[in-house]
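Okay, structure first, notes after.
The values are calculated or read from the model by the stated rules, or taken from the named source; none is laboratory data. Treat the numbers as computed from the prediction; the structure is a model and nothing was measured. Here Cβ is always computed from backbone atoms with ideal geometry, including for glycine, and neighbour counts include all displayed protein chains.
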């Protein structure tokens, strides 16, 4: 059974109680992550955009430092100019080895884990308020285990 991550429609006379999760802004740093959702979408550029229209994956990424956790949305654009970013992501989740030619397997993305560099981005919302949010800046390659046997030296 798949978890309903998009919610559901309320009737006009429904009772409500869920205040929602408390907003947590993680400090900049390196975090473990798990992909908890994937939405296949389409990017439609606005005026002055650097990319043309293309397919886009919208990932829900749960970041944790072992104590605090936060879910962020991260977009991956399926365009040749973003191929390096796609390679870094699939390498980070262990589906691809660095330098390897690879066919992206989106069906195996949800539940994948890895490590990423996270920053804090400051922006102005539509009401003119200064806000901050976390964003993923880089996906790290998995750390390989030593190839020696203890006591070899």
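Below, the figures for the structure above:
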| quantity | calculated |
| --- | --- |
| Condition check for residue 103: surrounded by fewer than 16 Cβ atoms within 10 Å (Cβ to Cβ) and either touching a strand residue (DSSP E or B) at 6+ places or on another chain (Cβ under 8 Å) or within 14 Å of residue 38 (Cα to Cα) (or both) | no |
| Answer from 126, 117, 113, 138 - the residue that is in contact with a helix residue (DSSP H, G or I) (Cβ under 8 Å, 6 or more places away or on another chain) and within 24 Å of residue 23 (Cβ to Cβ) | 138 |
| Residue check, residue 100 over 25 Å from residue 142 (Cβ atoms), at pLDDT below 95, over 17 Å from the mean Cα position of the chain (by Cα) and not in a strand (DSSP E or B) | no |
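One line per residue, one yes/no per condition, for (1) under 24 Å from residue 123 (Cα atoms); (2) surrounded by 15 or more Cβ atoms within 10 Å (Cβ to Cβ):
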{"residue": "7", "(1), (2)": "no, no"}
{"residue": "16", "(1), (2)": "no, no"}
{"residue": "33", "(1), (2)": "yes, yes"}
{"residue": "58", "(1), (2)": "yes, no"}
{"residue": "63", "(1), (2)": "yes, yes"}
{"residue": "67", "(1), (2)": "no, no"}
{"residue": "77", "(1), (2)": "yes, yes"}
